[in-house]
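> Dropping a structure here in structure tokens format, bear with me for questions.
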Amino acid sequence: MKEKIKIKDLDLFYDDFQALKKINLDIYEKQITAFIGPSGCGKSTTLKCINRMNDLVEGCRIDGLITLDDENIYDKNYDVNNLRKRVGMVFQSPNPFPMSIYSNIVYGPKTHGIKDKNKLDEIVENSLKGAAIWDEVKDHLDKNALSLSGGQQQRICIARALSVSPEVILMDEPTSALDPISTGKIEDLVTELKENYTIIMVTHNMQQASRVSDRTAFFLNGEVIEYNDTFKIFSTPQNEKTENYITGRFG
């Protein structure tokens with residue numbers, strides 16, 4: 001089993017406040033890794049370090065090491081645009097661009113220099129098929145993506161992430177704004193996607209983590225308390241804090 005991402009002794013500060021404390025995680029290729037824990041515990045902050053979105057936050061300072069395929073992504077010569085092509089992101093609320101479905105999907109490939117119409121058409125079809133929404137939208141590609149349902153919009157956002165052929169997909173509570181049926185579709189989709197992608201998912205829903213993930217990290221107060229195979233985390237947690245959280249005694 002190959003380690004795709006390694007996080008070593010990661011500290012993150014917002015000015016004087018330390019939000020992450022010595023995070024150590026090995027993320028394995030073509031698995032789903034879930035980050036669980038109460039609000040404000042560092043899950044999303046850690047996620048955003050992996051594609052350097054925290055670079056955009058004023059007063060943010062990061063110490064430690066994150067590697068993608070053994071390359072230090074915080075090296076001063078590392079190409080951040082290339083990183084964000086390799087590491088896609090799907091956010092909590094569906095956020096398609098206010099343009100056609102087709103334009104949403106080709107936005108990334110065009111940014112990376114693909115201009116050929118036939119190639120773009122192929123990317124649109126493959127990405128929408130990859131996000132399990134092609135059959136629903138193939139006859140309406142000129143329709144505004146914002147006119148779709150919430151669950152469809154989120155699958156459009158997943159297709160948009162797939163359009164630039166990433167290796168890793170970060171998902172920050174991708175179903176928290178969706179109804180149970182749409183949530184089920186996204187969970188089924190994520191399970192299929194791990195055949196080709198390494199997926200890290202932040203979720204508040206512990207049932208979701210236990211259903212879809214291979215490994216789970218439990219965060220509390222900016223630290224990783226426990227990280228193990230999902231089955232072990234939920235059946236025989238080693239740390240009392242983990243047990244208290246997953247049995248609902250706090251959080």
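> Which ranges mark the strands (runs of 3 or more DSSP E) fully within segment 15-69 that have 2 or more residues being within 15 Å of the chain's Cα centre (by Cα) and under 16 Å from ALA217 (Cα atoms)?
Numbers: elements: 17-28, 32-36, 60-68.
In segment 15-69, the matching strands (runs of 3 or more DSSP E) lie at 17-28, 32-36.
To keep it simple, each residue is scored yes or no on (1) surrounded by fewer than 16 Cβ atoms within 10 Å (Cβ to Cβ); (2) of a type outside the set (S, T, N, Q); (3) out of contact with any Lys or Arg (no Cβ under 7 Å at 6 or more places or on another chain); (4) touching a residue at least 24 places away in the same chain (Cβ under 8 Å).
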position	(1), (2), (3), (4)
MET99	yes, yes, yes, yes
TYR102	no, yes, yes, yes
GLY108	no, yes, no, yes
GLY113	yes, yes, yes, no
GLY150	yes, yes, yes, yes
GLN154	no, no, yes, yes
ALA159	no, yes, yes, yes
LEU162	no, yes, yes, yes
PRO180	yes, yes, yes, no
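> Looking at ASN126, ASN118, ASN95, which one is assigned to a helix (DSSP H, G or I), more than 20 Å from GLU195 (Cα to Cα) and either in contact with a Gly (Cβ under 8 Å, 6 or more places away or on another chain) or not aromatic (Phe, Trp, Tyr) (or both)?
Numbers: ASN126 fails: more than 20 Å from GLU195 (Cα to Cα); ASN95 fails: assigned to a helix (DSSP H, G or I).
Of ASN126, ASN118, ASN95, the one residue that is assigned to a helix (DSSP H, G or I), more than 20 Å from GLU195 (Cα to Cα) and either in contact with a Gly (Cβ under 8 Å, 6 or more places away or on another chain) or not aromatic (Phe, Trp, Tyr) (or both) is ASN118.
> So, in segment 143-184, how many residues would count as being more than 13 Å from the chain's Cα centre (by Cα), among the charged types (D, E, K, R) and farther than 25 Å from PRO109 by Cβ?
Total satisfying the criteria: 1.
> Also, quick follow-up: Determine whether segment 240-250 contains at least one residue that is surrounded by 22 or more Cβ atoms within 10 Å (Cβ to Cβ) and either of a type outside the set (Ser, Thr, Tyr) or outside any helix (DSSP H, G or I) (or both).
no
Every number here is computed from the coordinates shown, using simple stated rules; none is lab data. Source: prediction; values computed, not measured. Cβ atoms come from the backbone with ideal geometry, glycine included; neighbour counts cover every protein chain shown.
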